[in-house]
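Participant: Mind having a look at this structure? Questions to follow.
The values are calculated or read from the model by the stated rules, or taken from the named source; none is laboratory data. None of these values were measured; they are calculated from a predicted model. Virtual Cβ from ideal backbone geometry, glycine too; neighbours counted across all protein chains shown. What goes into the accessible areas is simple: the full protein's heavy atoms, side chains included, and nothing from ligands, DNA or RNA. Shrake-Rupley method; radii C 1.70, N 1.55, O 1.52, S 1.80 Å.
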Amino acid sequence: GLKEGTELIIVNNEKRELRIFPLVNGNTAHVRIMMSDAHGSLSKVMNSISRNNVDILISTSRTIERGKLAEWSAIIDMSECKNPKRLESDISKLDVVKKVEFERK
């Protein structure tokens, strides 16, 4: 069902296999969150993601300044998310979040 121009994620599953995930326009988004680098910060973000029925396709996280600032970036599937604006609002309101960027595909 792939068409020319479809964006893909290709992941090595460490079993000498590549997994290919097509990004469906309108259903996927890239999210980038700057947050406190403290125990439980990423967990709070994940709880908001889960409550809004969002599936994480691929993500990375990194410490920018130890004990102060971290970044979490992901490509997410929002096809089950009932209210994308609420998702962004829920994450933005978290006390550990400094900045949220969403880019819908």
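Participant: Take the alpha carbon atoms of the range 1-55, find their radius of gyration, then divide it by 2.2 N^0.38 Å using N residues; give the quotient. Display every interim value, and only then the final one.
Facilitator: Details: Rg = 15.3 Å, N = 55, 2.2 N^0.38 = 10.1 Å.
Rounded to two decimals, the normalised Rg is 1.51.
Participant: Given a cut-off of 28 Å, name the pairs among 44/85; 68/105; 44/105; 82/105 whose C-alpha atoms lie farther apart than that in the structure shown.
Facilitator: Exceeds cut-off: 68/105.
Participant: Given the rule -39500 (n - 2.57) for each run of at least 4 DSSP H residues, summed and divided by the residues of the chain, what is its mean residue ellipticity at 222 nm, to the nearest 500 deg cm²/dmol?
Facilitator: Result for the chain, helices only: -5500 deg cm²/dmol.
Participant: Measuring from a point 7 Å past the Cα of residue 80 along Cα-to-C-beta, which residues in the range 19-49 have an amide N at less than 20 Å?
Facilitator: 20-31, 43-49
Participant: Where only protein heavy atoms count, and the probe is 1.4 Å, what is the accessible area per residue for the chain in Å²?
Facilitator: 69 Å²
Participant: Whole-Hz Karplus ³J(HN,Hα) for the range 77-87, in order, using 6.51 cos²θ - 1.76 cosθ + 1.60 and θ = phi - 60°, x for Gly and Pro?
Facilitator: 9, 9, 4, 9, 6, 6, 9, x, 5, 5, 4
Participant: Select one label from (1) -0.33, -0.53; (2) -0.38, -0.60; (3) -0.44, -0.67: the one whose number is log10 I(q)/I(0) by the Debye sum over Cα atoms at q = 0.12, 0.15 Å⁻¹ as derived from the coordinates shown.
Facilitator: So the structure-derived entry is (3).
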